[in-house]
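Structure first, commentary second.
The values are calculated or read from the model by the stated rules, or taken from the named source; none is laboratory data. Everything numeric in this text was worked out from a predicted model, so none of it was measured. When we count neighbours, we look across all protein chains shown, and the Cβ atoms used for this are built from the backbone with ideal geometry, even at glycine. Remember, those area values only see protein heavy atoms, side chains included, never the ligands or the DNA or RNA. Shrake-Rupley method; radii C 1.70, N 1.55, O 1.52, S 1.80 Å.
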Amino acid sequence: IVWTIVVTLWRKQFRKAVAKSDNDWHDICTDSMINFETVKYFTAEQYEVSRFINSIKEYQNSSVNVQASLSFLNITQTVLMQVCLGTALVLATYGIQKRNDCCILNGCD
């Protein structure tokens, strides 16, 4: 549980970056569409397109980071669960072996 909390808190920075970049590209898109006359008047179409493309790239990079951190969390949780299961299996096997050794030495069934 501690590991999940630590990694989730670490992932929070990536989620914030995605939320910020998502808002940025929506804002740029809306701003360009509302002020299309001004953009046309100053022939700033290429500037607006480059701003939009950069904001989309930032959003995509942030989104990939979120997915990668989620995959990291899932993989480490799976490894941790498998290690715990393997340890429990080894301890159970050791306990059964000790009981059999005890029964053989003392002659009980």
**Message:** Take the conditions more than 30 Å from Lys12 (Cα to Cα), in contact (Cβ under 8 Å) with a residue 12 or more places away in the chain, assigned to a helix (DSSP H, G or I) and not β-branched (Val, Ile, Thr) and apply them to Ser32. Does it pass?
**Reply:** yes
**Asked** Across the stretch 53-89, what is the number of residues that are of a type in the set (A, V, I, L, M, F, W, C) and open to solvent by 100 Å² or more (accessible area, probe 1.4 Å)?
**Response** 4
**Subset of the stretch 35-52 (residues that are loosely packed, with under 12 Cβ neighbours inside 10 Å and either touching an Asp or Glu at 6+ places or on another chain (Cβ under 7 Å) or outside any helix (DSSP H, G or I) (or both))** = Phe42, Thr43
**Prompt:** Is it fair to say Val6 is under 29 Å from Met81 (Cβ atoms) and either aliphatic (A, V, I, L, M) or open to solvent by 50 Å² or more (accessible area, probe 1.4 Å) (or both)?
**Reply:** yes
**Message:** Can you find, within the stretch 90-109, the residue that is modelled with the lowest pLDDT among those that are closer than 30 Å to Ile5 by Cα and open to solvent by 70 Å² or more (accessible area, probe 1.4 Å)?
**Reply:** Leu91
